[in-house]
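Read-outs throughout are calculated quantities, based only on the coordinates presented, and are distinct from any laboratory measurement. Note that the coordinates shown come from a computational prediction; the quantities given were computed from them, not determined experimentally. Glycine also receives a Cβ, built like all others from the backbone with ideal geometry; neighbour counts cover every protein chain displayed.
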Amino acid sequence: MTCESWQQKIDAYLDAELPEAETRELDAHLRTCAACSSQALTRSELKRSIHLAGKKFVPDPEFRKRIQSSISPRTSGRRWGWIVEVGIACAAVVLVIFGSLVWVRQSQRQQLIGELTDLHVATLASANRVDVVSSDRHTVKPWFQGKVPFTFNVPELQGSPFELIGGKMTYLDQNPAAELLFTVRKHVLSVFIFKDSPELDRALGSGEPMRKLSFNIESWADGGLRFLIITDATPSDIDDLRARFVQAAR
Amino acid sequence: MALDRDKANEFEHLSMPLFASLYNLAQWLTQDRSEAEDLVQETYAKALKGFGSFQPGTNFRAWMYRILRNTFLTSRTGLKATVSLDDEDDPQSVSPSTTETPESLLLARSDQDAIQSALQQLPVAFREIILLCDVEEMTYREIAEALTIPIGTVMSRLARARKAMRQLLGEKVQGAHR
């Protein structure tokens with residue numbers, strides 16, 4: 001091989017990219033050829049000089065910090081990601097709490113309505129449906145005095161399709177309550193009256209028609225009392241009777 | 001798509017040791033500090049975004065440099081700096097320069113300013129391949145990967161770049177002695 005051919009391989013030789021066999025041959029040639037050896041030395045020194053001179057530009061430490069924080073999972077975008085994750089977790093907790101409250105309220109409501117429906121059904125099934133038998137509201141109302149810790153007005157029913165049958169004491173959740181019995185076109189209506197409480201208010205709400213075992217139910221609060229009508233009569237009958245109770249309370 | 005925490009940690013662990021080198025290369029390419037910072041910043045942003053598709057086991061340094069270079073080439077400065085490198089696959093076309101003598105190069109080698117000035121005068125394609133080989137000490141395979149060119153082209157372009165570098169240094173030394 002000529003010196004010119006060898007000199008074309010000197011760069012690859014210095015870059016450690018020449019195949020092993022050729023490296024050995026070139027090594028041998030350089031030991032004997034002053035011209036090629038000088039070329040190799042010069043290029044090697046130039047390579048080393050470029051290595052040093054090429055490292056000319058040094059980044060600003062502030063710039064390094066900026067780049068580091070822009071890619072670090074512990075800062076920057078990841079920090080927002082963390083906040084979003086916490087936000088989602090908080091929202092999930094709030095949803096669970098809210099869902100639980102709704103579920104608890106629904107279950108309280110179902111339990112209350114279930115109990116009151118049972119009381120109404122028990123009354124219907126009883127041979128003695130009421131303890132005070134009278135169609136006169138002025139007889140029925142005084143009967144409850146001293147039996148329940150509150151008082152209430154029984155509406156005037158003259159000229160209405162409703163008829164008062166009487167009333168009796170009952171208990172709801174260990175609290176005394178009044179149960180009045182009415183009929184309308186042979187349908188029996190129980191009107192429960194008891195002291196209102198925040199728990200009852202939350203569970204039963206006000207004015208929303210409900211249904212349980214095909215009975216129509218409506219409940220409302222008035223003057224610290226909680227009223228609840230349950231019957232197999234129509235919702236419009238319930239509304240009618242309710243309006244009369246509301247009127248009587250004025 | 002956002003990287004998960006482990007992947008983002010891995011990216012930080014792999015990429016930050018390359019920061020100084022990438023910055024140095026960026027300033028050699030752009031010749032401007034502010035542009036170099038923009039280039040590096042964009043490179044890291046693109047690399048972080050694309051790290052999910054990076055194949056583990058392949059060369060991360062070459063991958064990062066490829067992103068930096070492609071970003072540079074599509075920038076305004078990069079488009080201006082692009083030069084035609086026709087017929088570069090012919091390594092036989094490389095021959096010793098008339099102005100290049102071992103003596104003149106020995107005079108220049110210790111002169112860092114002369115080397116830096118010569119590097120700056122080189123076309124971008126020559127400058128970058130010399131920097132990747134001699135400063136970054138990349139293998140020809142790594143350079144091929146970074147520049148997305150065949151190894152044969154790496155060898156021929158490197159030979160032409162070094163020849164141009166030696167000519168520039170030779171001219172500088174001769175000019176200084178006139």
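Available extension along the chain between A:T183 and A:E156 is 8.3 nm, counting 0.36 nm per residue and deducting the alpha carbon span. With each label modelled as a point 7 angstrom along the Cα→C-beta vector, the A:R250-A:A16 pair spans 10.3 nm.
Comparing A:P61, A:P198, A:P209, which has the greatest mean-square fluctuation in the GNM of chain A with Cα pairs linked when under 10 Å apart? Among A:P61, A:P198, A:P209, the largest GNM mean-square fluctuation belongs to A:P61. Within the same chain, lysines fewer than 8 places from A:K65 are excluded, and of the rest, those with a Cα less than 23 Å from its Cα are A:K55, A:K56, B:K7, B:K46, B:K49. Here the calculated FRET efficiency for A:L124 and A:L101, from their Cβ-Cβ distance with R0 = 41 Å, stands at 0.75, rounded to the nearest 0.05. Shielding by partners for peptide A:36-48, expressed as the average number of C-beta atoms from other protein chains within 10 Å of each residue's C-beta, is 4. The C-alpha atoms of chain A define a longest principal axis, and helix A:20-32 lies at about 30 degrees to it. Pairs with C-alpha atoms separated by more than 19 Å, drawn from the list A:K168/A:K212; A:K141/A:K168; A:K147/A:K168; A:K9/B:K172; A:K147/A:K186, are A:K168/A:K212; A:K9/B:K172; A:K147/A:K186. Projected over every direction and averaged, the convex hull enclosing the alpha-carbon atoms of chain A yields 30.6 nm².
For segment A:1-149, report the % of Cα-Cα distances exceeding 24 Å. Result: 74 percent of Cα pairs exceed 24 Å.
Scalar couplings 3J(HN,Hα) for segment B:63-73, obtained by applying the Karplus form with A = 6.51, B = -1.76, C = 1.60 to θ = phi - 60°, are 5, 5, 5, 4, 5, 4, 5, 5, 5, 4, 5 Hz; x denotes Gly and Pro. Per-residue shielding of B:147-159, expressed as the average number of other chain Cβ atoms within 10 Å of the residue Cβ, stands at 1.
For helix A:76-125, report the angle its Cα long axis makes with the longest principal axis of the Cα atoms of chain A; keep it between 0 and 90° and round to the nearest 10°. Taking the Cα atoms of chain A, the angle to A:76-125 is about 20 degrees. Other protein chain C-beta atoms within 10 Å of residue C-beta, averaged over A:12-25: 2.
Debye-formula intensities of the protein assembly as shown, expressed as log10 I(q)/I(0) at q = 0.06 Å⁻¹, are -0.51 (one equal scatterer per alpha-carbon, no solvent). Relative to the longest principal axis of the Cα atoms of chain A, the long axis of helix A:34-53 lies at roughly 30 degrees. Once the Cβ-Cβ distance of B:D113 and A:S44 is raised to the sixth power relative to R0 = 22 Å, the FRET efficiency obtained is 0.60. Annotation: the antiparallel percentage among DSSP beta bridges lying fully within the protein assembly as shown is about 95.
In percent, rounded to a whole number, the relative contact order of segment A:128-250 is 20, using alpha-carbon pairs under 8 Å and six or more apart. When both bridge partners sit in chain A, DSSP labels roughly 95% of those beta bridges antiparallel. When Rg and the Kirkwood Rh are both derived from Cα coordinates, the Rg/Rh ratio for segment B:109-150 amounts to 1.04.
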